[in-house]
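Below: the structure, in C-alpha cells.
Values quoted throughout were computed directly from the atomic coordinates according to the rules given, and no laboratory measurement underlies them. Just so you know, these numbers come straight off a predicted model, no measurement behind them. Glycine gets a Cβ as well: all are built from the backbone with ideal geometry, and neighbour counts include every protein chain shown.
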C-alpha cells in the first residue's frame with residue numbers, strides 16, 4: 001500500500017546536530033528536504049578509489065572471502081594496492097603489445113647482432129640501413145642501388161643497404177632498428193613473466209571484495225550524513241539549526257524516541273502546493289513482487305492507489321493465457337526449483353524474482369489443466385485428462401445449445417460430418433468431427449468451438465479488467481461509472497449485431513433477446529451517464545468526456561492480443577509435433593525439441609511484454625497518475641540493500 005507522508009519541521013541546538021543526524025540515519029525513516037540550489041558535494045576521493053578497486057576485483061576469479069576484519073585504514077591500504085597493481089598490469093600489457101608489434105616489424109630481417117652492425121659501421125666506414133617498400137612498388141627501385149633483398153612479408157619487401165653515408169630512396173621507407181627480434185623476444189618473455197606475477201598478486205586480493213564493499217558502504221554513509229548536515233538552515237546563526245523532512249504516517253511514533261535527551265523539537269507543518277511529495281510504498285509477500293513490477297514502468301504518485309496487488313495477479317493470468325501450455329509451465333517450474341537449489345543464499349530482490357517465477361509457472365500449469373494443453377498434444381475428447389478441462393465442458397455446452405436450436409452452426413458441422421446426427425453426446429460428436437494429417441489427429445469441431453470460446457473469453461477479461469480500473473478511481477472521476485455500464489453493455493450487445501452466439505447465451509445465463517435489450521440500454525445509457533456525470537463534476541470541460549468512447553472501445557479490443565498470441569503459440573507447438581511425427585524418431589525428436597524451444601522463447605517474450613503492457617498501458621490509463629518519486633530516507637546503505 002501507499003502510506004501518506006507528513007511534513008515535519010525539526011529545530012535544535014547546534015551542539016546536538018551531529019547526534020540527531022546519526023540517530024536519524026540509524027533509524028532510517030526520515031527523508032530530509034534538501035535545497036536543490038545548494039552546491040552538491042562530490043564523492044570523497046577515497047570512496048571513488050574504493051569503488052574503482054571493487055570494479056577491478058569483480059573481474060577476478062571467485063575466491064574465499066576475507067574474514068580477518070580490518071578498519072577503514074586497512075581498507076584504504078588494500079584499495080591503494082589493488083589500484084597500483086592494476087596500473088602495473090596495464091603498463092605491462094601496453095609494453096607487451098608494443099614488443100609484439102616491434103617483433104613483427106623487425107622479424108623479416110632475420111637473426112643478427114646489433115653489436116656486429118656497430119662493428120661493421122665503425123671499422124668499414126659504412127652506414128648500414130634497413131628499408132621496406134610495398135611489393136607492388138618494388139619494380140620502381142633502382143636495380144643498380146647498393147641494396148640487398150632480404151625477403152617479403154605480407155605485402156612488403158625488405159632490403160638492407162650498405163652506403164658510405166646515410167641514403168634515402170624514393171618510394172622506400174627507412175626503418176629504425178634498435179634491437180633485433182631475438183633481443184625483443186627475450187624481453188617479451190620477461191614482461192610476460194612479470195605480468196603473470198602481478199596478475200597473480202592481484203588475484204590474491206579477490207577475497208577482499210566483500211570487505212571493500214562493506215567499507216565502501218560505510219564511506220558512503222558518512223558522505224550522505226555529512227551532505228545532509230550541510231543542508232540545514234541556521235535561523236539563529238551559530239546556535240540553532242532547522243530542517244524539514246518527510247515522515248510516513250505509520251512511523252510518526254518513532255520521532256519522540258529519536259530526540260529523547262536532546263535539545264530538539266519537531267512539529268508537523270502544512271504541505272505546500274509546490275512540494276513534490278515522495279511516494280512511500282510498503283508491501284509484503286506477493287504484493288511486494290507486484291511493487292517490483294510496478295517500478296519497471298513508473299513510480300506511482302503519492303496520491304495514487306497502490307496497484308501492486310492488482311498488477312501481480314493480472315500479470316500472472318495474462319502470462320498463463322499467452323503461454324497457453326501447461327507443459328511449458330512444468331518446464332518453468334522445474335527451472336524455478338533448480339534455481340532455488342542452485343542459489344540457496346539468494347538475496348531479497350532475487351528471492352522475490354524467484355517467487356514470481358514460481359507464480360508464473362503455477363499459473364501456466366493451472367491454465368494448461370483447465371484447457372487440456374500440454375506441449376501442443378491433441379487429446380481425444382474421450383481421454384480421461386479431458387474430463388478435467390473446463391474449456392471442454394464449456395465447448396460441450398455450446399455443442400448442446402447448437403444441437404437443440406438446430407441452427408446454422410449445427411447444420412454446418414452435420415453437413416461436413418453426417419455421422420454427427422447419430423451422436424448422443426457432445427463428446428461423441430467431437431470424436432466424430434476429426435481429421436488426420438499424417439500421424440496427428442485434429443478434432444476440428446472441438447478446436448473451432450474452443451477457439452471461439454477463448455476469443456470471447458479474452459474480450460470478457462478486457463471488459464472486467466478495464467471496468468475494475470474505472471471503478472478504482474470512480475470517486476475521482478464520476479464518469480467512470482457510466483463507462484463501466486458502457487463496457488458491459490457492449491459485451492452483451494455486440495454478439496447480437498455480429499450474429500454470434502455468446503457464452504452468456506449458450507451457458508444459459510441470459511437469453512439472447514434479453515442480452516440484446518439490456519446491452520443496448522447499458523451501451524447508450526452508460527455513455528450518456530458518463531457525459532452527464534462529467535458535466536456535473538467538471539462543468540463545460542466535461543463535454544470532452546464523449547471522446548473517451550473510442551479510447552475505452554480500443555482498450556478492450558486490445559485484450560484480443562491474449563487470444564492471438566495464445567493461438568500462435570498453440571499452432572506452432574502442434575506444427576512442430578506434426579513435423580516431428582512425420583519425419584521419424586531421431587530427426588523428428590530433434591525437430592520437436594528445437595521447435596518447442598523456439599516456441600517457448602517467443603512465448604515467454606510475448607508473455608512478459610504483452611502481459612505487462614496490458615497493465616501498464618490499458619489498465620493504468622484509468623487508475624494511475626504516475627510520475628512519482630520514491631521515498632528516500634536518510635539511512636545506512638546496508639539497511640537499504642537488505643530491504644531490496
| remark: Matching label for the computed semi-axes √(5λ) of the Cα gyration tensor in Å, out of [x] 48, 35, 21; [y] 67, 47, 24; [z] 56, 37, 21, is [y]
| field | Degrees between helix 72-106 axis and first principal axis of the chain (Cα, 0 to 90, nearest 10) | value | 70 degrees
| the chain: angle of helix 17-27 to the longest principal axis, Cα-based, in degrees nearest 10 | 60 degrees
| Any idea what % of Cα-Cα pairs in region 590-634 are farther than 16 Å? | 62 percent
| note | Full extension between residue 406 and residue 351 adds, at 0.36 nm per residue less the Cα distance, a length in nm of 14.2 nm
| task | Please work out how much length the chain gains when fully extended from residue 72 to residue 194, using 0.36 nm per residue of separation minus the C-alpha to C-alpha distance, in nm with one decimal. | result | 40.9 nm
| field | Among 61-72, 527-538, the order from most to least packed when residues are scored by Cβ within 10 Å on average | value | 527-538, 61-72
| task | Any chance you could check the Cα centroid distance between region 110-124 and region 1-32 for me, in angstrom? | result | 80 Å
| request: For helix 479-497, report the angle its Cα long axis makes with the longest principal axis of the Cα atoms of the chain; keep it between 0 and 90° and round to the nearest 10°. | output: 70 degrees
| note | The residues 58, 613, sorted from fewest to most surrounding Cβ atoms within 10 Å, come out as 58, 613
| task | Once you have a ≥ b ≥ c as the square roots of the Cα gyration tensor eigenvalues for region 164-241, tell me rounded if a/c is under 1.5, and otherwise prolate or oblate according to whether a/b is larger than b/c. | result | oblate
| request: Find the relative contact order for the chain and round it to a whole percent, using C-alpha pairs within less than 8 Å whose residues are 6+ positions apart. | output: 19 percent
| request: Could you sort 208-216, 306-314 so that the peptide with the highest average Cβ count within 10 Å comes first and the rest follow in order? | output: 306-314, 208-216
| message | Please arrange 136, 389 by how many other C-beta atoms lie within 10 Å of their C-beta, fewest to most. | response | 136, 389
| query | Quick one: Cα centre-to-centre distance for region 528-544 and region 49-89, in angstrom? | reply | 65 Å
| note | region 225-281 and region 400-471 have their Cα centres apart by a whole-number Å value of 66 Å
| said: Can you tell me the length gained on complete extension of the stretch residue 224 to residue 625, counting 0.36 nm per residue apart and subtracting the Cα distance? | reply: 141.3 nm
| Using helices alone, what [θ] at 222 nm do you get for the chain, with -39,500 (n - 2.57) per DSSP H run of 4 or more residues, divided over all residues and rounded to the nearest 500? | -19500 deg cm²/dmol
| remark: Using alpha-carbon positions, the gyration tensor of region 509-644 gives root eigenvalues a ≥ b ≥ c; with a/c under 1.5 called rounded, otherwise prolate if a/b exceeds b/c, else oblate, the class is oblate
